[in-house]
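Student: Mind having a look at this structure? Questions to follow.
The values are calculated or read from the model by the stated rules, or taken from the named source; none is laboratory data. Treat the numbers as computed from the prediction; the structure is a model and nothing was measured. FYI the Cβ positions are ideal-geometry reconstructions off the backbone, even for glycines, and counts take in every protein chain you see.
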Amino acid sequence: MAFPLNSTLSVPLRGGRLALLFCACLTAWPAGLLQAQVQIQAPGQVQAALPPGTRLSLPAPRPHIEDLPQAPARAATGLSENVLPSLGDINSQTLSPAAERRLGDRIMRSILRDPDVIDDPLILEHVRTIWGSLLTSARHRGDINADIDDTYAWTPFLVRERSVNAFALPGGYIGVHLGLLAMTRSPDELSSVLAHELSHVTQRHIARMMSQSKQTSWVGLAAMVLGALAASRSSEAAQALIMGGQGVAVQGQLNFSRDMEREADRVGFGVMTEAGYAPAGMAQMFEQLQVAARLNDDNSYPYLRSHPLTTERIGEARARMGTAGWGLVDDRTEAKLDRTRLRHALMSARARVLMDTRSASLQGLVRPVTLPASATPIDRLARHYEAALAAIQLKDRAQAEASLRQAQATIAGLDDIEQGEARRVLMLAAAELDVVTGRAALAQATLADALAHTAPGQDTDHRPELLLLARATLNMPDSPAQRDALQNVVNRLQPLVSSQPQDAAAWTALSSAWARLDQPLRALRADAEASAVTGDLQGAVDRVDSARRRYRQPSPADLIELSVMDARVRAWRQTIKDDAREDKLG
């Protein structure tokens, strides 16, 4: 059965529209070569422009969604028609760190516009803490050379998915599904997954894989990047997309090799243990995944499809655990990990709430659950926190307050370090409850008190408090006191965006605060920055152009702001120009 060239396949997905050209060389097919134009659009029906009576049937995929340089991008993008970059024929050269980062940046600009890529400040803070310790360990071990250290992004991000998965993108971007956080029982288990992903990046498996390919361009790889996230929606057409992108992989040309998987296990184990995490974490994670996979066959564990748990891999993990010990660490490291373990239990509970915010799912989490007598104080705290968060999502103040009281009652059973962390997380939950139930002033007072010991510019490591403070203050009615509170928010957010210019949530909050303070030009500039960070470069440029037309005779203060905006827009236009040139060359 021969298929026409340039066939069209449309896939319905939430989050806009993305078009991409991909190729798959399938030697088993009479035609030998399938070229398809894939459009992802929402809403819509799955349509395949295939001959009547025919069905798209491809070899079963073995996606390396994690390793995916590959990994996912199912999201909408604001880029031009061909949204993925043309980096040339990979047959002729090894993908350089700079080219890999450029590819990763363009994929991220697509992904970040998807509503299921979320920024939950508390969960992201937890993931970044573990990720940062692994990066420090990898640098200390010499796994990260200066070339990639200065070039790659080294940035984790969260995906609102119930499936258990994590994946690496080109250029050092790491995606983490909330389902993975929800299922891991300790920071040691989570660190084993992140360390494995990090090691695929540090060992340059993406570039090595592409340089070894003989017939596949970066476009086939990009198809897998796109399809991996699409497949998590359980769409048959999305599966067809990733299968198409995997056509060459079936022939061994795109898959990470078993040697690469073993290398990522070995290097990752060294990274996580030198970072202070228990050596048992990797074997425990493997065993937990293996048991879960036997009991579930509902596509909830895509990580297993991309990382098959062979007997050899599990045996090697156990052997390494035996060599290194179960997790003997010094007292100082143990004290540091106490807080991380408590935080992980709470963030795992938070992930279970946020990964599925449908009313029925939240109602199930609110219902009382009888914990076994063997449950630890941390177990009880996490369960009550989970119920409180679900009630907050449902805006059920009475139930949320009851669950928070139960959570507070468990704190006495924790040690001093854990108690401090627990009080902070519960304080933030109580403040969030006040915001969503119309008591913003109370939340504002609570958060202002929590930040009272830090001056503006010295609190950038309190991002969850800062963003929730901004949210509470912006929900207060106009008054002289509220203007003072808004100015305090601005004074605290400015250093945050200066130190973390890729923080879209902070830029958005800053834009709203400036607007309420009658500073429209500054508000517009912050809004443009937020648009650029989330991938809408043309939208950012348009906002600045609009400001230029509006302020033809600016004041001295506005002139300074416009000068800054002009510099930023030149950089954005250059990126747009570079993207267009690469697309044309490709």
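Student: Quick check on Asp503: is it within 23 Å of Trp572 (Cα to Cα) and either in contact with a Leu (Cβ under 6 Å, 6 or more places away or on another chain) or assigned by TED's automatic domain parsing to the domain that holds Ile576 (or both)?
Tutor: In short, no.
Student: Is there a residue in region 118-141 that is at pLDDT below 95, out of contact with any helix residue (DSSP H, G or I) (no Cβ under 9 Å at 6 or more places or on another chain) and either under 26 Å from Asp578 (Cα atoms) or not assigned by TED's automatic domain parsing to the domain that holds Asp542 (or both)?
Tutor: No - not one qualifying residue is present in region 118-141.
Student: Which of the following residues is in contact (Cβ under 8 Å) with a residue 24 or more places away in the chain, crowded, with 24+ Cβ neighbours inside 10 Å and basic (Lys, Arg): Arg128, Arg106, Arg102?
Tutor: None of the other options fit; the residue is Arg106.
Student: Determine whether Arg471 is under 22 Å from Ile560 (Cβ atoms) and outside any loop (DSSP other than H, G, I, E, B).
Tutor: So Arg471 does not fit the description; no.
Student: Spot the failing condition for Ala153; the list is (1) without any contact (Cβ under 8 Å) to a residue 12 or more places away in the chain; (2) in contact with a Phe, Trp or Tyr (Cβ under 7 Å, 6 or more places away or on another chain), and only one is missed.
Tutor: (1)
Student: A follow-up question, please. Inspect all residues belonging to region 483-493 and state whether any of them is closer than 20 Å to Arg568 by Cα and either β-branched (Val, Ile, Thr) or crowded, with 17+ Cβ neighbours inside 10 Å (or both).
Tutor: Yes, region 483-493 contains a residue that is closer than 20 Å to Arg568 by Cα and either β-branched (Val, Ile, Thr) or crowded, with 17+ Cβ neighbours inside 10 Å (or both).
Student: Now for a different question. Have a look at Ala481, Ala409 and point out the one that is small (Gly, Ala, Ser) and closer than 30 Å to Pro368 by Cβ.
Tutor: Ala409
Student: Now for a different question. Since Asp120 meets every condition but one in (1) farther than 19 Å from Tyr277 by Cα; (2) without any contact (Cβ under 8 Å) to a residue 60 or more places away in the chain, which condition does it not meet?
Tutor: Failing condition for Asp120: (2).
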